[in-house]
Amino acid sequence: MLIPDDAISLSPRKHATVKMAARWVISCLVVILGLCRAEQLYVLHAPSYVQFLPSASPLHTVDLPKVIGLVLGFSTSKDLEWQGLGPGSLFQRPRANFLISVENLPTGATIEPVGGVKATYPVKQTGLPDLSAVHSHIASSFPDRKSLMLDLTMDGNVFEVRSLYSGLFSELPATPQQIAVHLQKDGSVLRTERLGSLNTTKEADLIFAGELQLLQDIVNTLSGQQALVSDGVPDLVSVSLTGVGRLAQEYGPTSQQVQDAITVLNSFLPKFSKAVAELYSGNVVVEAMTLSTPTGGMQRSRRSLLQQAQDKPGNLAPKINPDYPVIFNMSLWLGVLLLLAVYSVAYNLLYMEPGRDSIIYRMTSGRMKTEDDYTRFGQGAHRPVQKWD
């Protein structure tokens, strides 16, 4: 059945309505795609012997410590289901791993570091990554030496830097007032980055700039500690940036201040990654992970990288190695099998009936008996005693 052309023609008013509906659908698709890309893992730098595959399923945030542990050369108690990490070199391992977590990023906002990244993966937020397991692996593998464990967080209005080398970073600014003074110096982030609409006289803007300044100060401090950087013990650095989330809470998630802060991040992160790579001669992995705003508000409890080591009361022994049950069972049942084997052999030797065909019977006489003796005299007959002249 043919339909006339005029039957399907639309009036100008209906045509405009269809166009508006199409635009609305396209806008919804763009928003949905933006939401899907809100949480990402960016590999800013990795040596050539560490392979990150180009395509993989979303990475659960609770599995990120396993990825970092495998990158540094440590085994995991459970297999990693994520397929984004390829087989690495058995003889070369990175000397450090730097993880930058951009927390409380407004929903739909993304970062795109200038110059591109080595790999990008979608992230499924299932909690905050707990790197204490990686810390335990490093501490147990190098019990006689200290590793550079550093955890930078914002606790209220105080910048908290936790490290096993407490005196190394003691001169870093810790309060917004100290940050404000530090930003006025030559070479600070305020001098090298274009902050746009951000005003460091306001607390939220100051905290954002202060977090970036602390990252730069950490690299400058480590650059004067080459013996510590190249001591052969893997270093683990975790940095949490909450400044963008504070700006979104202060000015709104779509404000110009938030957009300018993301632009500054896109410019600063590649520079920071390059400085870290030069510090470790390329043998370092640098990741940046974006996390969206949690449902219960901007603040959430988080586990410090060094909390397990610092909060251990009463000089208690460390946790048992997860491979202990396997080693115990192997030793136990091998010992049982050996005991049964020795008992069986001893019992059979004790109650064995040798008879006259046994080598034991033949060896008890003055001359070893042979088969000719039994043939000549018959079984059970006594051989005549040979007399000598």
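Here is a list: Val239, Val233. Which entry is crowded, with 16+ Cβ neighbours inside 10 Å and not in a loop (DSSP other than H, G, I, E, B)? First the steps, then the outcome.
On the way: Val233 fails: not in a loop (DSSP other than H, G, I, E, B).
The conditions single out Val239.
Among the residues of the stretch 210-227 satisfying the criterion of being out of contact with any Asp or Glu (no Cβ under 8 Å at 6 or more places or on another chain) and hydrophobic (A, V, I, L, M, F, W, C), which is nearest to Pro129 (Cα to Cα)?
Looking at residues that are out of contact with any Asp or Glu (no Cβ under 8 Å at 6 or more places or on another chain) and hydrophobic (A, V, I, L, M, F, W, C), I get Leu215.
In this structure, does Lys274 turn out to be touching a His at 6+ places or on another chain (Cβ under 8 Å) and open to solvent by 40 Å² or more (accessible area, probe 1.4 Å)? Full working, then the answer.
Values: touching a His at 6+ places or on another chain (Cβ under 8 Å): yes; open to solvent by 40 Å² or more (accessible area, probe 1.4 Å): yes.
In short, yes.
Report, by residue number, each residue of the stretch 205-228 that is modelled with pLDDT under 85 and part of a helix (DSSP H, G or I).
Selection gives Gln226, Ala227, Leu228.
Is it the case, given these coordinates, that Val326 is modelled with pLDDT of 90 or more and either open to solvent by less than 100 Å² (accessible area, probe 1.4 Å) or in contact with a Ser or Thr (Cβ under 9 Å, 6 or more places away or on another chain) (or both)?
Here the answer is no, as Val326 does not meet what is asked.
Of all strands (runs of 3 or more DSSP E) completely enclosed by the stretch 114-204, which ones contain at least 2 residues that are open to solvent by 30 Å² or more (accessible area, probe 1.4 Å)?
Answer list for the stretch 114-204: 119-124, 158-163.
Out of the residues in the stretch 40-56 that are out of contact with any strand residue (DSSP E or B) (no Cβ under 8 Å at 6 or more places or on another chain) and either free of Cβ contacts under 8 Å to residues at least 40 places away in the same chain or outside any loop (DSSP other than H, G, I, E, B) (or both), which is farthest from Leu105 (Cα to Cα)?
So, considering only residues that are out of contact with any strand residue (DSSP E or B) (no Cβ under 8 Å at 6 or more places or on another chain) and either free of Cβ contacts under 8 Å to residues at least 40 places away in the same chain or outside any loop (DSSP other than H, G, I, E, B) (or both), the one farthest from Leu105 (Cα to Cα) is Ser48.
Restricting to the stretch 44-69, give me the number of residues that are crowded, with 19+ Cβ neighbours inside 10 Å and either more than 22 Å from Ser292 (Cα to Cα) or more than 11 Å from the chain's Cα centre (by Cα) (or both).
Looking only at that region, the number is 8.
On the given criteria, is Ser48 of a type in the set (Ser, Thr, Tyr) and modelled with pLDDT of 85 or more?
Spelling it out, Ser48 is indeed of a type in the set (Ser, Thr, Tyr) and modelled with pLDDT of 85 or more.
Residues to consider are Gly73, Gly108; find the one that is surrounded by 12 or more Cβ atoms within 10 Å (Cβ to Cβ), modelled with pLDDT of 80 or more and on the phi > 0 side of the Ramachandran plot.
Gly73
In the stretch 59-111, what residues are in contact (Cβ under 8 Å) with a residue 40 or more places away in the chain and part of a strand (DSSP E or B)?
Of everything in the stretch 59-111, those that are in contact (Cβ under 8 Å) with a residue 40 or more places away in the chain and part of a strand (DSSP E or B) turn out to be Leu59, His60, Ala96, Asn97, Phe98, Leu99, Ile100, Ser101, Val102, Glu103, Asn104, Leu105.
Based on what the data block shows, is Leu291 in a helix (DSSP H, G or I) and under 24 Å from Leu195 (Cα atoms)?
Considered against the rule, which asks whether it is in a helix (DSSP H, G or I) and under 24 Å from Leu195 (Cα atoms), Leu291 comes out as no.
Just give me the residues in the stretch 76-95 being modelled with pLDDT of 85 or more and either within 30 Å of Leu247 (Cβ to Cβ) or basic (Lys, Arg) (or both), in sequence order.
Hits for the stretch 76-95 are Arg93, Arg95.
What pairs come out if I take residues in the stretch 186-205 that are free of Cβ contacts under 8 Å to residues at least 40 places away in the same chain and pair them with residues that are in a loop (DSSP other than H, G, I, E, B) and not acidic (Asp, Glu) whose C-beta lies under 7 Å away, six or more apart or interchain?
Final answer for the pair search is Leu190/Leu183; Leu190/Thr200; Thr200/Leu183.
The values are calculated or read from the model by the stated rules, or taken from the named source; none is laboratory data. Note that the structure is a prediction, hence the values are computed from the model and not measured. Virtual Cβ from ideal backbone geometry, glycine too; neighbours counted across all protein chains shown. These area figures cover heavy atoms from the full protein model, side chains too; ligands, DNA and RNA do not enter into them. Shrake-Rupley method; radii C 1.70, N 1.55, O 1.52, S 1.80 Å.
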